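Shown next, in structure tokens, is the structure this report addresses.
The values are calculated or read from the model by the stated rules, or taken from the named source; none is laboratory data. Bear in mind the structure is a predicted one, so any value in this text is a computation, not a measurement. Here the Cβ positions follow ideal geometry from the backbone for every residue, glycine too, while neighbour counts run over all protein chains shown.
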Amino acid sequence: MINLAIYILLGINLLVCILLTLLVLMQKPRSEGLGAAFGGNFTDSIFGAQTSDVLTKGTIWLGGIFMILTLVLGLLYSHRQAGSTKLQEELSKPVAGAKTAATTITNTVTLTNGSIVPNTVSTNSPSSSAPQAPAKQADPAPAPAKHE
């Protein structure tokens, strides 16, 4: 129900935005700035000589309607989000009986006699967060032969 109201009000708000933009563009500017490019007397010839009062009042009314619709849409969106938190809580609950075991692999490197020796430690318990000492270090690689 809230989603339907949001979509209807959003459509009305979009229509108000378009009308408000057109009304602002049709008004005669005080300094003949951008309005002169569209024909300064265009609105006077279509709507009559008193168009500036009508356009000003229409701009004020549409601006007020736009503000009210935007506030109402903000409230409806916040109520829609508050309703979805119950679903998010249900989805975030842990599954009963499922065990979460994490495997931690720690890679370290030891420099011995000019060669690099990798050390890898693997743990399966989630409670041990500190890396353990390696069980066995790999034999160092022989030094490369020098070619002359």
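Overview of values
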read-out: Within segment 1-49, tally of residues that are part of a loop (DSSP other than H, G, I, E, B) and modelled with pLDDT under 60; value: 8
read-out: Some residue of segment 89-104 being touching a strand residue (DSSP E or B) at 6+ places or on another chain (Cβ under 7 Å) and either at pLDDT below 70 or surrounded by 10 or more Cβ atoms within 10 Å (Cβ to Cβ) (or both); value: yes
